[in-house]
Amino acid sequence: MEIDPRARLIEWPSTVLGVSGRMYVYTPPEYRPDGPPLPVVYLLRGHEREWVNRSEDDSRIGTAIDVYERVRLRGEIGPLLLAMPGLASADNRIPGLLTDFVAPQLTDAPGIGTGRFATFFFTEVLPLMEREFGAHPMARAITGFSLGGYMAVKAVALRPDLFVSVSAYDGSFPYASDGGRRARRYDTLLLAEMFDPALGRPRNLERLTDHNPICLLLRADRTALRRITWMIQYGPEHIEPWGSNFYRGEYLLRVLATLGITNAAPVAALPDGAHTWAVADRHLEQALPLHYRAFERVIAG
């Protein structure tokens with residue numbers, strides 16, 4: 001691993017998980033503990049290291065912090081906090097799915113504890129950033145890659161009041177049935193064994209529905225969802241099914257359109273996209289200015 005030295009690892013005894021909470025945080029040069037509150041972008045994937053590990057895959061050139069500093073140098077954004085919470089097992093074998101696990105006993109992976117990752121994120125991670133780093137309580141954005149995209153959209157669907165913008169690259173979005181009222185029974189996305197602790201075994205359709213971002217969006221307050229800036233991108237159709245989540249991304253955009261939500265991304269399907277960190281970083285480079293403009297609108301009031 002090549003962890004970016006500009007990222008600070010924060011660990012604390014999590015009362016929710018019963019094990020250590022972990023998160024990487026980047027603070028810009030202007031940051032002062034007693035200074036004015038700064039907007040914060042939460043970057044999700046699974047393990048806390050992924051957005052700041054230069055060698056997360058062979059495609060990668062830099063990290064999310066390099067992306068931030070490039071965009072900042074161009075004058076497209078101002079100072080931001082970047083927060084990358086750990087929402088998976090410590091060895092990254094078991095995804096957290098922004099879910100309170102049904103059966104945490106089904107794994108011996110370290111760092112799971114109670115498996116209450118949704119409660120952990122909303123009741124520990126967000127308040128910690130505001131308490132310890134002065135994150136602005138009204139200027140939060142969230143982004144994610146792959147299952148991180150799933151979690152970013154799920155977070156906004158659960159609590160649209162907490163975020164001003166959301167972006168996702170090549171998100172793993174489950175399909176829904178019956179006009180979005182229930183999960184699609186035969187969708188294979190979440191059937192892998194690594195999801196057993198989160199969702200239980202065998203799978204329960206009601207539980208899958210309760211953790212399906214599409215179903216959650218259709219239950220949420222539409223007015224609140226429309227106040228949020230949305231930026232959804234994914235890889236091209238021709239490298240489906242293993243190289244991109246084109247069809248799942250297209251499906252999400254159709255659902256958002258029924259809710260009266262437009263995609264702020266200049267291009268949704270990247271013609272040269274792939275399910276790699278190099279492209280996820282490129283997505284972030286396009287998304288950060290949109291997040292920042294959303295912050296400016298909120299802070300200006």
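Rounding to the nearest 20 debye, state how big the charge dipole of the stretch 144-196 is about its Cα centre with +1 on each Lys and Arg Cβ and -1 on each Asp and Glu Cβ.
220
Quantify, in whole percent, the carbon and sulfur part of the accessible surface of the chain (1.4 Å probe; protein heavy atoms only).
C and S atoms contribute 52 percent here.
Between rounded, prolate and oblate, where does the stretch 1-148 land on the alpha carbon gyration tensor, with a ≥ b ≥ c its root eigenvalues, rounded for a/c under 1.5, else prolate if a/b exceeds b/c?
Oblate, because a/c is 1.5 or more while a/b does not exceed b/c.
Within the chain, what's the longest run with no GluC sites (Glu not before Pro) in a DSSP loop and at most 12 other beta-carbon atoms within 10 Å? Give the range, please.
That gives 31-301 as the longest site-free run.
Rounded, prolate or oblate: pick one for the stretch 153-301, where a ≥ b ≥ c are the square roots of the eigenvalues of its C-alpha gyration tensor, a/c under 1.5 means rounded, and failing that, prolate if a/b is larger than b/c, else oblate.
oblate
Given charges of +1 on the Cβ of Lys and Arg and -1 on the Cβ of Asp and Glu, with all other atoms neutral, how large is the dipole of the chain about its Cα centre, in debye to the nearest 20?
Charge dipole of the chain: 860 debye, to the nearest 20.
Mind listing the phi-derived Karplus ³J(HN,Hα) values for the stretch 119-131, rounded to whole Hz, using 6.51, -1.76 and 1.60 with θ = phi - 60°, and x for any glycine or proline?
Residue by residue, the stretch 119-131 yields 4, 4, 5, 6, 9, 10, 5, 4, x, 4, 4, 6, 6 Hz.
Rounded to two decimals, what ratio of Rg to Rh does the chain give with C-alpha atoms and a Kirkwood Rh?
0.93
Checking the a/c ratio against 1.5 first, then a/b against b/c, what shape does the Cα gyration tensor give for the stretch 167-245?
Oblate shape, in that a/c is at least 1.5 and b/c is the bigger or equal ratio.
To check you understand DSSP bridge types, tell me what percent of the beta bridges within the chain (both residues inside) are antiparallel, rounded to 5.
Percent antiparallel among DSSP bridges in the chain is about 45.
So, in nm, how far is label residue 207 from label residue 278 when the simple model puts each one 7 Å beyond its Cα toward the Cβ?
If labels sit at residue 207 and residue 278, their model points lie 4.0 nm apart.
Can you give the longest stretch of the chain with no exposed loop site, where a site means chymotrypsin sites (Phe, Trp or Tyr not before Pro) in a DSSP loop (not H, G, I, E or B) with at most 11 other C-beta atoms within 10 Å?
Looking at the chain, 1-185 is the longest stretch - no exposed chymotrypsin sites (Phe, Trp or Tyr not before Pro) with at most 11 other Cβ atoms within 10 Å.
Report, in debye and to the nearest 20, how large the dipole of the stretch 138-236 comes out about its Cα centre when Lys and Arg carry +1 and Asp and Glu carry -1 on their Cβ.
280
Which value, in Å², gives the accessible area per residue of the stretch 94-171 when a 1.4 Å probe is used on the protein heavy atoms?
Counting only protein heavy atoms, the per-residue value for the stretch 94-171 is 27 Å².
Could you pull out the trypsin sites (Lys or Arg not before Pro) across the stretch 56-124 that fall in loop regions by DSSP (anything but H, G, I, E, B) with no more than 13 other Cβ atoms inside 10 Å?
Passing both the DSSP loop test and the Cβ count: 74.
What accessible area, in Å² to the nearest ten, does a 1.4 Å probe give for residue 20?
Accessible area, nearest 10 Å²: 70 Å².
Kindly state, to the nearest 0.05, the FRET efficiency for residue 267 paired with residue 187, given R0 = 35 Å and r defined as their beta-carbon distance.
The computed FRET efficiency comes out at 0.85.
With each run of n ≥ 4 DSSP H residues scored as -39500 (n - 2.57), what mean residue ellipticity at 222 nm is computed for the chain after dividing by its residue count and rounding to the nearest 500 deg cm²/dmol?
Here the helix-only value at 222 nm equals -9000 deg cm²/dmol.
The values are calculated or read from the model by the stated rules, or taken from the named source; none is laboratory data. Predicted, not measured: the structure shown is a model, and the values here were computed from it. Methodologically, a virtual Cβ is constructed for each residue, glycine included, from the backbone with ideal geometry; neighbour enumeration extends over all protein chains shown. Areas reflect the complete protein model, heavy atoms only, side chains present, ligands, DNA and RNA absent. Shrake-Rupley method; radii C 1.70, N 1.55, O 1.52, S 1.80 Å.
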